[in-house]
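In what follows, a single structure is set out as structure tokens and then discussed.
Throughout, read-outs are computed from the coordinates displayed, never taken from laboratory work. Since we're looking at a predicted model, the values are computed, not measured. Glycine gets a Cβ as well: all are built from the backbone with ideal geometry, and neighbour counts include every protein chain shown.
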């Protein structure tokens, strides 16, 4: 790191899903210098790029922050592994690769909560399409030629085809595309892959474009310890964010931004950095001896996540990954298929088949999502079971439970306390119980009868709401979708950390662009909605720079 030439127009913190796109868009202007500060390394670990490699990246200190949640009452006291990407590409380097936008109603709700119509479905759709490269080409709802590749999966499973047919027999319509505004249906997920390889945001937005631009600078293995502020403000009485303090493993280095600092560290990292920098609930900051720059009680609150309830069914007469990967010969066949054809189990996303339906008749929209897998295990990273089985994971798309992310100390090295508070409301417990009943109804359909599905977890002997909600707590785990911890909102919302253009309230020249900005969680996987938010934010940053007079670069001592 060069400590002498350390002033940039923009500093982006975090080279993950949102940060990579932000750097790409902002460095398109050759007159603007952009610094990307990434705490992890380059996305050079070979397992990042093989789709099944998520099994070796989650829990790996080279690629994962290795967070753990606090013991959770809703999970009967259990603590969960909480994977977050620590590498270029961020979570897009270790996630399930599922391309999912959410439902139109999600964005109508965002527009209502922020008082800003630019978040309506009709206005976010162009941002999704802007960077999309859909394998079927462009139409009124999909884009082509963008950086974010979307392909169909390169394998099918008999047991999953049977589950899809059983879901249709249970009243769930077939769907070939979950990304047209209404997710209801059952079908195979589309994935962010190119030719059987994972397609992460570093490949899409940093390589080769940003790397070839002389106005783009990348720092890796560089941990932002705090934001820097000018207490004299920016002329309107608010402190101005002027840069970042970075630990490179040997020393502290300061870097300065003449225009903006853009925080893209994710739903866990961004609130931690804000709190360490004096932005957050004043009582929390003072308890840790941190001076208050801006008292924003919403920083680290409003944590939402999709909790997947992993029902496991033993089957007979069906090839599943449990069986195929149980011998050296089977593993060799799997490896050869991927080597020669880029297909087969090594090319598969963690979940191949999806379904969106209602947990009960009281919901007018699909409120639960299935991720169905031709395998079973106790948790990702654990060995596969020795018997043939499939897993029908189901999650509540719109949970009402809310959690927190709070620093434990003023030390940047200490991981924050993550408390999701799963199943902490009566509605969420009822949806959990009802969703397990939907799973049983699908498993009982004629299409699956030939495989004689036998419920292994949670177990058919449990039937009451109370028992099923308790058992859900025993077998459920995160599906890695934390959002909402720096939410945007309307001016009258005291818990809104950001305005509707993702600018941090109470200070200037600071924006948060990541999934933490979502006021409510989207109805599905959250990676691509985060990219959409970054696309819109990049447009706003450039628009504001064009309309404002160029601010002079501040001389630093």
### Task
Determine the equivalent ellipsoid of the stretch 488-541 by diagonalising the alpha-carbon gyration tensor, then write out the semi-axes as square roots of 5 times the eigenvalues, largest first, rounded to whole Å.
19, 14, 8
### Query
Tell me, what is the percent relative contact order of the stretch 201-285, built from C-alpha pairs under 8 Å that lie six or more residues apart?
21 percent
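Pairs of Cα atoms under 8 Å, at least six residues apart: use those to get the relative contact order of the stretch 109-231, whole percent. Display every interim value, and only then the final one.
Numbers: 123 pairs, mean separation 20.1, N = 123.
Relative contact order comes out at 16 percent.
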### Query
Alpha carbon centre of the stretch 454-531 versus the stretch 393-429: separation in Å?
8 Å
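Sorted from fewest to most neighbouring beta carbons within 10 Å, what does the list 363, 422 look like?
By the 10 Å Cβ count, ascending, the order reads 363, 422.
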### Message
Using Stokes-Einstein with the Kirkwood hydrodynamic radius over Cα pairs, what translational diffusion coefficient do you get for the stretch 117-234 at 25 °C and a viscosity of 0.890 mPa s, in µm²/s rounded to a whole number?
### Response
136 µm²/s
### Message
Please compute the modelled spin-label separation between residue 209 and residue 362, points set 7 Å along Cα→Cβ, answer in nm with one decimal.
### Response
4.6 nm
### Message
In whole Å, what are the extents of the chain along the principal axes defined by its C-alpha atoms, from largest to smallest?
### Response
75, 50, 46
#### Entry: C-alpha long axis of helix 328-341 to longest principal axis of the chain, angle in °
60 degrees
### Query
Which distance in Å, rounded to a whole number, links the C-alpha centroids of the stretch 250-303 and the stretch 119-166?
35 Å
### Query
Can you give the angle from 0 to 90° between the axis of helix 158-169 and the longest principal axis of the chain, with both taken from C-alpha atoms, to the nearest 10?
90 degrees
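Taking the Cβ-Cβ separation of residue 123 and residue 387 as r and a Förster radius of 45 Å, what is the calculated FRET efficiency to the nearest 0.05?
Working from the Cβ atoms, E equals 0.35.
Would you mind ranking 165, 160, 227, 21 by Cβ crowding within 10 Å, fewest neighbours first?
Details: 165 17, 160 21, 227 26, 21 29.
Listed from fewest to most nearby Cβ atoms, that is 165, 160, 227, 21.
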### Query
Give me the log10 of I(q) over I(0) for the stretch 355-407 at q = 0.13, 0.31 Å⁻¹, as the Debye formula computes it from C-alpha points; what are the numbers?
-0.52, -1.15
### Task
Could you tell me how many degrees, from 0 to 90 and to the nearest 10, lie between the Cα long axis of helix 17-26 and the main elongation axis, the longest principal axis, of the Cα atoms of the chain?
40 degrees
### Query
What is the order of 209, 87, 17, fewest Cβ neighbours within 10 Å to most?
209, 87, 17
### Message
Nearest 5 percent is fine: what portion of the DSSP beta bridges confined to the chain is antiparallel?
### Response
70 percent
